[in-house]
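Engineer: Before I ask anything, here is the structure I am working with.
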């Protein structure tokens, strides 16, 4: 059996006030060779204390705790010096709740209706610096985004998008490569790249990750996390120039 050392395991803290759910989830995650459950916490004060004294890679926090108090648990943890990641566990695919969690510092939103193996996958992506959103959530976010405009920055004016810009942006939000976007729109890969560069110029960014962030900020306010949709390119298809890998 290939057991991982403590140094290579992803160290977790669970924050949820439902004891049965928290305990069951803790046992499930502790059984995974690549994960280590540092503590199961029922309230924010307990979790903050654990984060002060133990190295933790990812905090799994339920939505109520994530938004508890003046500005939520996550900003409080940041003020106390925590530099790891947050994965919010939510009960439903709600756009406003997801946007709020992201704005407060979450690296992803995982739905309780998803299977356990997907949770392990989400934790791994978040721990490695990517972000995670359920595909139902990203579709709702994408629909709101492409119906709006792309802001150059939080204070600057919005710039309207052409129909092609919107379609290309939607493909990017869904995690498609330039080649796949071109195939779905019936245009050349070169035309897609030109639209991507046009979007970069409108948003004042140079990478897909920052473009996605700018797009979501344009319709949802000042989200502070890079959003990578949980839809990957076709197996064996490398991202095109200017593409960045997405989660799942």
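The values are calculated or read from the model by the stated rules, or taken from the named source; none is laboratory data. Every value quoted in this text rests on a predicted model; they were computed, and no experiment measured them. As a convention, Cβ positions derive from the backbone with ideal geometry for all residues, glycine included, and neighbour counts pool all protein chains shown.
Engineer: Only strands (runs of 3 or more DSSP E) wholly contained in the stretch 48-140 count here; list those with 2 or more residues that are buried (at least 22 other Cβ atoms within 10 Å of the Cβ) and at pLDDT below 90. Lay out the reasoning, then the answer.
Structural biologist: Values: elements: 58-62, 85-90, 108-111.
In the stretch 48-140, 108-111 are the strands (runs of 3 or more DSSP E) which contain 2 or more residues that are buried (at least 22 other Cβ atoms within 10 Å of the Cβ) and at pLDDT below 90.
Engineer: Still on this model: Restricting the stretch 172-198 to residues that are under 25 Å from residue 134 (Cα atoms), surrounded by 22 or more Cβ atoms within 10 Å (Cβ to Cβ) and over 17 Å from the mean Cα position of the chain (by Cα), which is modelled with the lowest pLDDT?
Structural biologist: Taking the stretch 172-198 as the starting set, the residues that turn out to be under 25 Å from residue 134 (Cα atoms) are 172-185, 196.
Narrowing further to those that are surrounded by 22 or more Cβ atoms within 10 Å (Cβ to Cβ): 172-173, 175-178, 181, 196.
Within this subset, residues satisfying the condition of being over 17 Å from the mean Cα position of the chain (by Cα) are 177-178, 181, 196.
On the way: 177: 88, 178: 93, 181: 94, 196: 93.
Per the criteria, the residue is 177.
Engineer: Do the conditions hold for residue 210, that is, is it touching a helix residue (DSSP H, G or I) at 6+ places or on another chain (Cβ under 8 Å), in a helix (DSSP H, G or I), surrounded by fewer than 16 Cβ atoms within 10 Å (Cβ to Cβ) and at pLDDT below 85?
Structural biologist: In short, yes.
Engineer: Given the conditions (1) in contact with a helix residue (DSSP H, G or I) (Cβ under 7 Å, 6 or more places away or on another chain); (2) modelled with pLDDT of 85 or more; (3) outside any helix (DSSP H, G or I), report the number of the one that residue 154 does not fulfil.
Structural biologist: Among (1) in contact with a helix residue (DSSP H, G or I) (Cβ under 7 Å, 6 or more places away or on another chain); (2) modelled with pLDDT of 85 or more; (3) outside any helix (DSSP H, G or I), the lone unmet condition for residue 154 is (2).
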